[in-house]
Amino acid sequence: MPGPDYFFCVAHEPPWFELPDHVEVIATGTYQVEGRLNIRDSRHTVGSGCLNISNFYPYLTGTAGSLYISELLQKRPTEGRSVCIFQYRKLISLEPIGAAAANYPYMRILGLHLGKDQVAEILASYATDLLISHPFLMPEGMLAQYANYHHVADFLVLTRIAVDLKVLQETEVPTFFETRLFVPGGVEFGIIPCDLFIDIMERLRPILGEFLSRHVPFAPHNAYQRRALSFFAERLGSYLLIKHLGWPTTGANPDGSLLLLPAQNVGYMCTLSESGEYRTFGHAGEAP
């Protein structure tokens, strides 16, 4: 029966829900302690130095966990298998459980009391090897959306590195910038075939590593904006995923009609919330 073979929860603090025993927790930030799967144990270094993803965690945040998952999966059987990745307070559901968030497209808000049995039931309901969070359309395209919420200089530098490393062709940069269809979380959230996840994460890794070897984010001391590398990885990961699936980056068919997404592969990003609204790093309604 199709469904994930591996389950990982990326957490920089104790998960807000009890997890079934088969879920492996990837510890980041200050949540790392002896005996856990810690990103500081990554064997990949950044550039030619001796520092790894944990040393750059403030800039990478959850993407550091995704890179470590890719590293772990490469030591395990992956052919014909899939991986489910979620976060300390977010998971993906096949059904629209909870209530819709008024301040973020397609986000579902759950109460704080989600028991271990309920989480296990959600995870056991997965019967597909591909389940991504519901895409939405960016009105002005990827570059303009990023510039509206973050420092666009970081995006441009990272894009140039992606071209230099041939992850993107120079001729497709306008398409990347104008992409309207966006998958929240990119390949770092939901259920993805293992080999596809590894392929995309390992294409992102050298881009992020090259940036960290030579640059710092435009606003390195702003707790939110310094996460520029994670924001970029989410967007380029989404673009590469959409490209792999053969979906139009405009979100529309050649005749102009809206793309109908395959229901069996599109789920709902759900988050536990104290206030009933979606919050990121203490900011209500902050864009990803």
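Bear in mind that the values in this text are calculations on the coordinates, not laboratory data. Predicted, not measured: the structure shown is a model, and the values here were computed from it. Here Cβ is always computed from backbone atoms with ideal geometry, including for glycine, and neighbour counts include all displayed protein chains.
Worth a mention:
- Distance-filtered residues of the range 20-40 - backbone nitrogen under 14 Å, label point 7 angstrom along Arg76 Cα→Cβ: 21-27, 37-38
- Of His151, His22, the sequence from fewest to most neighbouring Cβ atoms within 10 angstrom is His22, His151.
- FRET E, pair His44, Glu18, Förster distance 30 Å, beta-carbon r, rounded to 0.05: 0.45
- The Gln118 and Phe218 beta-carbon pair, evaluated with R₀ = 30 Å, returns a calculated FRET efficiency of approximately 0.15.
- Taking 0.36 nm per residue of separation and subtracting the current Cα-Cα distance, fully stretching the chain between Thr171 and Ala252 would add 27.1 nm.
- Amide H contacts of Ile26 (H built 1.01 Å from N, under 5 Å, at least 5 apart or other chain): Cys9, Val10, Ala11
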